[in-house]
């Protein structure tokens with residue numbers, strides 16, 4: 001729908017025809033004041049082609065094919081266009097009508113009012129230049145300069161443009177508008193305020209003021225009073241359906257929950273949207289194609305990448321008032337997470353805002369300092385936006401790197417790594433616990449051997465990133481091997497793997513595509529480019 005208004009700048013050939021005086025009650029002459037004019041008074045009617053012009057009195061200049069009309073001026077062209085004013089200056093050769101004072105131009109359902117209006121009958125263009133207003137059956141538009149073309153019902157406005165209707169206001173410097181379709185074309189920085197709940201900012205786009213659908217380009221913004229905002233290179237936004245579709249460097253910001261969702265394609269469904277993906281949710285949406293979520297809490301920022309990221313408002317009960325909801329984030333495929341106090345990778349993840357728990361599935365691996373935790377699933381519990389403890393469930397293993405060749409290891413059915421001030425200080429292993437430790441000589445800090453144990457339960461205490469002491473159950477068996485007699489099989493548990501190459505080291509690293517490290521006895525989800533269809 002590009003270009004609502006076309007202005008013709010070429011020369012138009014003017015077929016000159018005579019202006020006829022159809023009727024007047026009196027005909028007068030004043031040789032001193034108006035020697036070239038016939039003065040007509042009372043029920044005056046002029047005709048020029050298909051236009052009739054009425055007035056109380058007029059000065060008719062036959063030599064120049066023009067007249068000046070005064071009092072109760074009315075101009076009728078065909079059966080669709082009627083103009084009113086206190087004064088009319090008309091030139092039959094150029095077909096230019098200049099209406100002055102208390103001017104109204106009525107065309108179908110559009111009414112233009114101003115104090116000075118020029119109407120070019122040849123080009124079918126009416127324009128004002130000192131302030132005016134156009135009203136149709138839906139909107140009222142005011143501006144300092146305006147133009148209206150009856151043949152296609154298009155209008156153009158410049159300088160202090162203001163549009164109002166029952167639902168919103170629009171302010172801009174330049175606007176193109178179709179009075180029939182009620183579509184406004186945004187061609188300069190524009191602000192639309194919608195019932196004090198939504199603000200739209202755009203400098204290029206189309207806004208259908210009837211259907212409340214918009215197509216916004218050139219990095220536009222949709223801002224809601226509840227703290228949600230949408231930004232994208234292109235936005236298709238439907239206010240009535242409470243739905244938005246975004247393309248190109250998109251940003252979905254939830255300031256209430258301190259979340260920003262980025263990507264190159266996304267959809268957003270506001271609360272009670274009739275076309276929602278999940279009607280049972282509150283506001284929800286997703287982003288894909290380089291999707292990135294940032295949680296910008298007061299202390300630590302969290303960065304999460306996945307092929308597709310979902311953010312959803314859920315109710316704590318059957319109703320959905322604002323004071324009883326929480327935000328859930330879901331990540332699907334090739335998930336990578338970075339925080340200063342923890343990093344992780346997996347195939348899918350969920351974060352629940354009501355209890356501050358992050359859950360990782362699909363060969364999850366987490367890192368904290370020189371510690372690596374892996375399990376069938378990993379639940380991370382947060383307190384005051386900081387990691388409190390990490391719970392590995394099923395085939396859990398915690399590995400602490402002592403040096404590039406030696407790793408302290410703990411494995412079992414489940415494992416809890418307790419974190420304080422960003423560092424692991426204790427690890428609890430439950431069920432079929434196995435350990436490999438490399439004790440360090442207190443005098444020269446050299447490794448004194450390889451200690452391998454089996455028990456049902458183990459507590460490992462860590463200080464300064466090193467194993468300080470270990471508590472076993474009474475039914476513990478183990479062997480201490482001299483270092484020179486410890487083979488590769490002895491130094492590594494059966495579930496051992498070291499996935500440091502997968503680890504995100506910076507926020508930017510979460511966007512890297514990294515192949516997963518093979519895990520003993522496990523199928524690994526390979527990193528692959530997203531096809532953008534995961535919803």
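For the reader, a short list of remarks on this structure follows.
Yes/no per residue for (1) under 23 Å from residue 429 (Cα atoms); (2) surrounded by fewer than 24 Cβ atoms within 10 Å (Cβ to Cβ); (3) under 27 Å from the mean Cα position of the chain (by Cα):
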position: 334; (1), (2), (3): no, no, yes
position: 354; (1), (2), (3): no, yes, yes
position: 395; (1), (2), (3): yes, yes, no
position: 399; (1), (2), (3): yes, no, no
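- Inside segment 483-506, residues that are in a helix (DSSP H, G or I), at pLDDT below 95 and surrounded by 16 or more Cβ atoms within 10 Å (Cβ to Cβ) make up a count of 1.
- Residues being farther than 23 Å from residue 296 by Cβ, in contact with a helix residue (DSSP H, G or I) (Cβ under 7 Å, 6 or more places away or on another chain) and either at pLDDT 95 or above or assigned to a strand (DSSP E or B) (or both) - total across segment 314-360: 1
- Filtered by the rule that a residue be part of a loop (DSSP other than H, G, I, E, B) and either at pLDDT 90 or above or buried (at least 22 other Cβ atoms within 10 Å of the Cβ) (or both), segment 283-307 gives a lone residue, 283.
- Unique match (being buried (at least 21 other Cβ atoms within 10 Å of the Cβ), out of contact with any helix residue (DSSP H, G or I) (no Cβ under 8 Å at 6 or more places or on another chain) and under 20 Å from residue 83 (Cβ atoms)) among 163, 141, 216, 186: 141
- Inclusion of residue 363 among residues that are within 19 Å of residue 503 (Cβ to Cβ), at pLDDT 90 or above and assigned to a loop (DSSP other than H, G, I, E, B) is warranted.
- Some residue of segment 411-431 being touching a helix residue (DSSP H, G or I) at 6+ places or on another chain (Cβ under 9 Å), assigned to a strand (DSSP E or B) and over 21 Å from residue 363 (Cβ atoms): no
- Residues within segment 115-127 that are in a loop (DSSP other than H, G, I, E, B), touching a strand residue (DSSP E or B) at 6+ places or on another chain (Cβ under 7 Å) and at negative phi, tallied: 1
- Filter result for residue 445 (touching a residue at least 40 places away in the same chain (Cβ under 8 Å) and either under 30 Å from residue 484 (Cα atoms) or assigned to a loop (DSSP other than H, G, I, E, B) (or both)): no
- Flag if residue 252 is free of Cβ contacts under 8 Å to residues at least 40 places away in the same chain and closer than 30 Å to residue 509 by Cα: no
- Restricting attention to segment 230-244, the residues that are in contact (Cβ under 8 Å) with a residue 24 or more places away in the chain, closer than 19 Å to residue 288 by Cβ and surrounded by fewer than 19 Cβ atoms within 10 Å (Cβ to Cβ) total 0.
- For residue 78, the conditions (1) more than 15 Å from residue 23 (Cα to Cα); (2) touching a strand residue (DSSP E or B) at 6+ places or on another chain (Cβ under 6 Å) all hold with the exception of (2).
- The residues in segment 372-392 that are modelled with pLDDT under 90 and either within 11 Å of residue 423 (Cα to Cα) or part of a strand (DSSP E or B) (or both) can be counted, and the count is 4.
- For residue 200: the one exception among (1) over 12 Å from the mean Cα position of the chain (by Cα); (2) part of a strand (DSSP E or B); (3) within 15 Å of residue 162 (Cα to Cα): (1)
The values are calculated or read from the model by the stated rules, or taken from the named source; none is laboratory data. These numbers were taken from a predicted model, which means no experiment stands behind them. Every residue, glycine as well, gets a Cβ built from its backbone with ideal geometry; the counts of neighbours run over all protein chains shown.
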